[in-house]
Amino acid sequence: MTVTATVETVANTFRSQRKRETTMTLAVAVLGFFVVTFDAVVVNVALPTIGNDLGGGISGLQWVVDGYTLLFAALLISAGALSDRIGARRAFGWGLAAFVAASAVCGLAVSLPMLIAARVVQGAAAAIMMPSSMALIGEAYPDPRRRVHAIAIWAMGGAVASSCAPLLGGLLTELSWRTIFFINVPVGLGALLLLAKSPTSPKRPAQLDWLGQLFAVVTMGGLVFGVIEAGTRGLASAPVLTSLGLAILTAIGFVITERRLTHPMVPKALVRRSAVRVSAVIGFAFMVGFYGLPFIFSLYFQQLRGLSALATGMLFLPMSLIGFVLTPFSARLAQRVGAANVVTSGLSVMTVGMVAIAIVATPDTADWVLSVLLILIGLGGPLVMPMTTALLLEHVPTAQAGTASGVFNTSRQVGGALAIAVFGAQLAHPETFIQGVRTSLLIGTAVVSIAAVVSLRLHPHYLKEPV
């Protein structure tokens, strides 16, 4: 064998191994995004059944959702820095192992406080998994064009989870609501096995801002607690005022701390990037609509209309399937008309959908009418999130991908947590339930429409910062 042939054989072997490692990395990221998204969505359909089994009013059910979302949001930025510091692969493995264990505890919960506590741990684990999964993709696909397609595949993990969660959640709830958590265990263990075959991630210098993190947790916790409890106790009650006051004070402390620290949670240079700021606004608004509406209409269909969890899941199926069907084509669509235009169109369609539902929603509205209109909300998934994510990663340095992902996903989870808190407060009283539905939809409309205008800043003319 000649030297040339030997070199070519070695090169082919290296390329083949690299391709396998890249595929493994993408598969791990997809499975991680699947379980994180699935648990965020599936619990909505099961809420009334959980309430009947473990007790607790509307505020207790809100905490089943927000216990997960709150820690998810509060820890994401630090988790992004942790991902950069110890390596995305190791961070993802830690988060996934904790998520699997917490899922098992959720399924075994014998009381509502125990379930909420396990959901809090799930949220903390998900916070570690999300930015590290995005960083893994950034490392595996340095070429921007290939990265866009990889992100589209990664987004499929969320799209599949979102599309199957309502129906599968309804079906599993008919057996036992506990199975919606147990299903995470085999999926998570499979992802851990794949992770062992993926390449080691590089470690990068990243400071952890413990004081800023403490202020962030207390601020978000106080705000969400105050809004949730305001629905049942009243805005003027002492616990609500104390909680909101504490949130304001710690928010001020957070801002002061971040300005003075040499190594804040979010680097100042990162905050100055238009892509980061605009993506944060879009992520927040998107989750208000995409996460808030399933919460509203899970209660609407089951408590007001008296439907079963399975029937409710069937009504969410068209909304969910549209994301599953269109997500694979989002990258191709962006190449034709521009990623920024796709994002703006998706937010605009969501706005139209919420206005239409607010107009027609009454106790006598046919269920199929609402099911069809919810498709407009579902369109936001494949149109908004993959392209916003791709634009963000394209316009931040690779070394800060984990932190930038943390900022982006923090904004998303804060939007989801506040949506559940605010919307749940509107639905706390049965006699004003329909009015609460309409008020919630109008609030969501305002938030998403503002984001649609802000998304115009994603045009290439505005995103000229060097990476």
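Residues being aliphatic (A, V, I, L, M), within 25 Å of GLY292 (Cβ to Cβ) and touching a helix residue (DSSP H, G or I) at 6+ places or on another chain (Cβ under 7 Å) are entirely absent from segment 188-200.
Residues in segment 206-241 that are at pLDDT below 85, polar (S, T, N, Q) and under 25 Å from the mean Cα position of the chain (by Cα): GLN207, GLN213.
Those residues that are closer than 20 Å to GLY415 by Cβ and either open to solvent by 50 Å² or more (accessible area, probe 1.4 Å) or among the β-branched types (Val, Ile, Thr) (or both), I need them from segment 244-267; list them, please. Give the derivation first.
First, pick out the residues of segment 244-267 that are closer than 20 Å to GLY415 by Cβ: 244, 247-248, 250-251, 254-255, 265-266.
ILE248, THR250, PHE254, VAL255, VAL266, listed by residue number.
For PRO131, the requirement of being of a type outside the set (D, E, K, R) and in a helix (DSSP H, G or I) is met.
THR2 meets the conditions (1) at pLDDT 75 or above; (2) over 20 Å from GLN122 (Cα atoms); (3) open to solvent by 20 Å² or more (accessible area, probe 1.4 Å) in every case but one. The failed one is (1). Has segment 376-395 got any residue that is under 16 Å from ILE77 (Cβ atoms) and either surrounded by fewer than 16 Cβ atoms within 10 Å (Cβ to Cβ) or at pLDDT 80 or above (or both)? Yes: one or more hits.
Would segment 455-463 turn up any residue that is in a helix (DSSP H, G or I) and either under 21 Å from VAL41 (Cα atoms) or among the basic types (Lys, Arg) (or both)? Yes; the residues of segment 455-463 include at least one that is in a helix (DSSP H, G or I) and either under 21 Å from VAL41 (Cα atoms) or among the basic types (Lys, Arg) (or both). Scanning segment 307-324 finds no residues that are in a helix (DSSP H, G or I), more than 21 Å from PHE38 (Cα to Cα), in contact with a helix residue (DSSP H, G or I) (Cβ under 7 Å, 6 or more places away or on another chain) and of a type outside the set (S, T, N, Q). Of all residue pairs spaced 6 or more apart or on separate chains, those with beta-carbon atoms under 8 Å, a first member in segment 93-108 that is more than 14 Å from ALA191 (Cβ to Cβ) and a second member that is charged (D, E, K, R) and open to solvent by 10 Å² or more (accessible area, probe 1.4 Å) are CYS106/ARG178; GLY107/ARG178; LEU108/ARG178.
Among the residues of segment 396-424, what is the count of those that are part of a helix (DSSP H, G or I) and open to solvent by less than 20 Å² (accessible area, probe 1.4 Å)? Spell out the reasoning first.
As a first pass, look at segment 396-424 and keep what is part of a helix (DSSP H, G or I): 398-424.
Still in the running and open to solvent by less than 20 Å² (accessible area, probe 1.4 Å): 401-406, 408-411, 413, 415-417, 419-421, 423-424.
Total meeting the criteria: 19.
If you check TRP63 against the conditions, is it surrounded by fewer than 21 Cβ atoms within 10 Å (Cβ to Cβ), aromatic (Phe, Trp, Tyr) and assigned to a helix (DSSP H, G or I)? Against the criterion (surrounded by fewer than 21 Cβ atoms within 10 Å (Cβ to Cβ), aromatic (Phe, Trp, Tyr) and assigned to a helix (DSSP H, G or I)), TRP63 does not qualify.
Among the residues making up segment 105-116, those that are assigned to a helix (DSSP H, G or I) and surrounded by fewer than 16 Cβ atoms within 10 Å (Cβ to Cβ) are LEU108, PRO113, MET114.
Based on this model, can you work out whether LEU241 counts as over 30 Å from VAL325 (Cβ atoms), hydrophobic (A, V, I, L, M, F, W, C) and surrounded by fewer than 16 Cβ atoms within 10 Å (Cβ to Cβ)? So LEU241 fits the description; yes. Cβ separations smaller than 9 Å between residues 6+ apart or across chains give the following pairs from segment 234-262 residues that are within 17 Å of PHE215 (Cβ to Cβ) to residues that are in a helix (DSSP H, G or I) and of a type in the set (Asp, Glu): SER243/GLU229. Looking only at residues in segment 43-60 that are at pLDDT below 85 and assigned to a helix (DSSP H, G or I), the one that is farthest from ARG90 (Cα to Cα) is ILE58.
The values are calculated or read from the model by the stated rules, or taken from the named source; none is laboratory data. All of these numbers come straight from a predicted model, not from anything done at the bench. Here the Cβ is made from the backbone with ideal geometry for all residues, glycine too, and neighbour counts use every protein chain on show. For accessibility, only protein heavy atoms count, side chains too; no ligands or nucleic acids. Shrake-Rupley method; radii C 1.70, N 1.55, O 1.52, S 1.80 Å.
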